[in-house]
Amino acid sequence: MNALNIQKGASSHSAYDLRDPNAQVEESHTLAVLVENEPGVLARVIGLFSGRGYNIDSLTVAEVDHTGHQSRITMVTSGTPAVIEQIKAQLGRIVPVHEVHDLTVEGPAVERELGLFKVCGQGDKRVEALRIAEIFRANVVDSTLESFVFELVGTPSKLDAFAELMRPLGLSDLARTGVAALARGI
Amino acid sequence: MSRIMTGARMVIEALRDQGVDTVFGYPGGAVLPIYDELFQQNDITHVLVRHEQGAVHMAEGYARSTGKPGVVLVTSGPGATNAVTGLTDALMDSIPLVVLSGQVPTFLIGTDGFQEADTVGITRPCTKHNWLVKDTADLSATIHKAFHVATSGRPGPVLIDIPKDVQFAEDAYQGPKQIDPPRYQPVRKGSVTAITRLVELIEQAERPILYTGGGVVNSGPGASQLLRELADATGIPVTSTLMGLGAYPASGKNWIGMLGMHGLYEANLAMHGCDLMINIGARFDDRITGRIAEFSPDSVKAHIDIDPSSINKVIHVDIPIIGDVGHVLEDLLKIWKSRGRKVNTAALGKWWEQIEGWKSKNCLFYRNSDTIIKPQFALQRLEALTKGRDRYVATEVGQHQMWAAQFLHFDEPNRWMTSGGLGTMGYGLPASIGVQMAHPEALVINVAGDASWLMNMQEMGTAVQFRLPVKQFILNNERLGMVRQWQQLLHGERYSQSWSDSLPDFVKLAEAFGCKGAQVQDPKDLDDAIQQMIDYDGPFILDVLVEKHENCFPMIPSGKPHNEMLLGDAETQGAIQGAGAALV
């Protein structure tokens, strides 16, 4: 339709290729999903991801408004831009889903995750672990003569970096909450 | 003033308040209190089915032919799991259903009780939404909400799981007007900016096409009227998916036939060659698009759909319009008229010339026979002998379904019941029963294949019990015809398990059920047999012995674009020459 002078929209990809990671670059997006706090709502969200073959990289959920029966699911997902758009549309049509926000697209957001790290060791390694923990501003929440449990809050990459450093120093157990995120400003 | 009653009574009360006149169901331990209440009232007719899958398909037939939600009542455990195929079918085809299932008492949930199943868990992916009601106080509001969810936005099936103790306990009943307005309120009006943009394109387009789908039918009779007005006023050709047949009349001057894998040559070529594609309530299903990379390569695409997740799911569109088809078409017509009712008349004339060229290919041509009934011929005779009657048609799934879509013509919406998205063999017989319940005086025909029909044949008992004169028109090729066709074309003619051995004698089967049957195998006797079926005052099985190896054409093989259709007998006609011939 050259006369109309608008860009053609036909995708060059087959439906079977839409999720091919080689076809387009995968992006990581943080989504905030406000849901009615009713039984099974988390199963609906997770079932959507498994049923349609989408990725969940991290997921946290908790009630945020007790009187309003509202919970907030924060999830990190990855996919091509077309898949991310489809994920948002599919989430939006789940009946008890009230709002879907793509924090990655909608502007700057703060993202925080909490991790608990159990590091076991003696002597120099133990001293080094404590020294690195101070650099990262991690708190010691439990201590025995042969172990520490550190609590660290930060971005997922900060937690990754801390875990890497602790591994040779005796990291034995690690628990992470997944990302909680809010848009910046009002 | 609150009315205190048992949960079981609330179910009946709520159904009555929602205007329900018919329930399809099957009793069992976990729904006995509700069946006890059904027994003590006369407003709601209960249709006793023979298998719960049949109940759901009947409700689908009822819903599709009336536009009202279909209602199903089943017991816990196997009752609910038997409903799963029907729920999935209704979800794929956007049919509004409210399914009520019994559940073991709340204090037994989780103990693997007798006939316990995690019904809300099992049906979560195959319903639009579902609820487990654990407190009688919530029951009436949940039922009203369920009707709202099933019928608002993109329609679909919902399920309410009701434990037996909740049915026995008493609480206050709430009417539909007493409950809080549901939070679920999908957008109905489309963006005026987007609609105006589409109108600008309609004014200039040289080769536009209206690609319509089940969304037009679901939007209600008003939407079909507006579609007719739009097509007739602009002169744009109309094609439709399997689900949308009847929204634009087959006798209409702009009708170019069904599109898709077994669609008409002219419809598919017009889709391939158009410069403006206006998708109205269809979803770019893979049976429609064929090979995505070569799907209508030179067109600007607009998509009107009430479900935002349908937009850009498969095909990237240039002008998405999220809204109800009826509302959007009304605004579109208003804007187009206010801008002076413009179209590119000269270009449209050329476009129609091209389409007429493709039409002259006569893609539905088949070689008829004096000795064997061709399935296409059987349907042509059925069409001729039932034309002009108050007729509803259901189908099973397979070759017969595609031939029915090609050779039967529908001038009104809600007259064509078929399993499109899920392709459920065994859909047609129960669906025809559901239709006949809603339209007792109408002529209701199920066009079936022998293999599909056997899948839910127990429902003939339901038809006989309720004196429903459904006509079972079985095109019997003693094969799983579509499977056989694919094996012939794609698997080196190795016909693995696609032969129906040990078929029953359908005439004796009819007699065993207490209805009437006949068999016909000579083309000369076909008209009389069809007339006998129509005239018989009761359910009738007509066993039409047809050519066993007939293939369904035209056909777009999987993974091929629209312009690489297989034409079958039409290809060897030779007499046809035209611009389109080069494209075959």
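For the stretch B:295-326: of the residues being part of a helix (DSSP H, G or I) and open to solvent by less than 50 Å² (accessible area, probe 1.4 Å), which is farthest from the other protein chains (Cβ to nearest Cβ)? For the stretch B:295-326, the residue satisfying everything is B:Gly326. Among B:Tyr211, B:Tyr173, B:Tyr248, which is the only one that is crowded, with 24+ Cβ neighbours inside 10 Å, in contact (Cβ under 8 Å) with a residue 40 or more places away in the chain, among the aromatic types (Phe, Trp, Tyr) and touching a Leu at 6+ places or on another chain (Cβ under 9 Å)? Residue meeting the stated conditions: B:Tyr211. B:Arg183: more than 11 Å from chain A (Cβ to nearest Cβ), modelled with pLDDT under 95 and either under 30 Å from B:His272 (Cβ atoms) or open to solvent by 30 Å² or more (accessible area, probe 1.4 Å) (or both), yes or no? No. For the stretch B:1-20, enumerate the residues that are open to solvent by less than 30 Å² (accessible area, probe 1.4 Å) and either among the β-branched types (Val, Ile, Thr) or modelled with pLDDT under 95 (or both). Passing the criteria: B:Val11, B:Ile12, B:Val20.
No other residue among A:Ile73, A:Ile84 is open to solvent by less than 30 Å² (accessible area, probe 1.4 Å), in contact with a His (Cβ under 9 Å, 6 or more places away or on another chain) and either in contact (Cβ under 8 Å) with a residue 40 or more places away in the chain or not polar (S, T, N, Q) (or both) apart from A:Ile84.
Each row is one residue, and each column tells you yes or no for (1) of a type in the set (Val, Ile, Thr); (2) open to solvent by less than 10 Å² (accessible area, probe 1.4 Å).
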residue: B:Gly434; (1), (2): no, yes
residue: B:Asn446; (1), (2): no, yes
residue: B:Leu490; (1), (2): no, no
residue: B:Gln497; (1), (2): no, no
residue: B:Val507; (1), (2): yes, no
residue: B:Phe513; (1), (2): no, no
residue: B:Pro523; (1), (2): no, no
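Residues in the stretch A:120-128: is at least one under 23 Å from A:Gly68 (Cα atoms), touching a residue at least 40 places away in the same chain (Cβ under 8 Å) and open to solvent by 50 Å² or more (accessible area, probe 1.4 Å)? No: zero hits. In the set (1) touching a residue at least 60 places away in the same chain (Cβ under 8 Å); (2) open to solvent by 50 Å² or more (accessible area, probe 1.4 Å); (3) among the β-branched types (Val, Ile, Thr), A:Val100 fails one condition alone, (2).
When we screen B:Val23, B:Val56, B:Val31 for residues that are buried (at least 22 other Cβ atoms within 10 Å of the Cβ), in a strand (DSSP E or B) and not assigned by TED's automatic domain parsing to the domain that holds B:Met425, the only hit is B:Val23.
B:Asp331: outside the structural domain of B:Ser498 (by TED's automatic domain parsing), more than 30 Å from B:Val444 (Cβ to Cβ) and open to solvent by less than 40 Å² (accessible area, probe 1.4 Å), yes or no? Yes, satisfied.
Give the residues of the stretch B:353-375 that are outside any loop (DSSP other than H, G, I, E, B) and surrounded by 15 or more Cβ atoms within 10 Å (Cβ to Cβ), sorted by residue number. Listed by number, the residues that qualify are B:Gln354, B:Ile355, B:Gly357, B:Trp358, B:Lys359, B:Ile373, B:Pro375. Residues in the stretch B:414-452 that are closer than 27 Å to B:Phe553 by Cβ and in a loop (DSSP other than H, G, I, E, B): 11 in all. In the set (1) touching a Ser or Thr at 6+ places or on another chain (Cβ under 8 Å); (2) open to solvent by less than 10 Å² (accessible area, probe 1.4 Å); (3) among the charged types (D, E, K, R), B:Arg291 fails one condition alone, (2).
The values are calculated or read from the model by the stated rules, or taken from the named source; none is laboratory data. Quick caveat, the model's predicted, so the values are computed rather than measured. Every residue, glycine as well, gets a Cβ built from its backbone with ideal geometry; the counts of neighbours run over all protein chains shown. Surface areas here come from the heavy atoms of the whole protein model, side chains and all, with no ligands, DNA or RNA. Shrake-Rupley method; radii C 1.70, N 1.55, O 1.52, S 1.80 Å.
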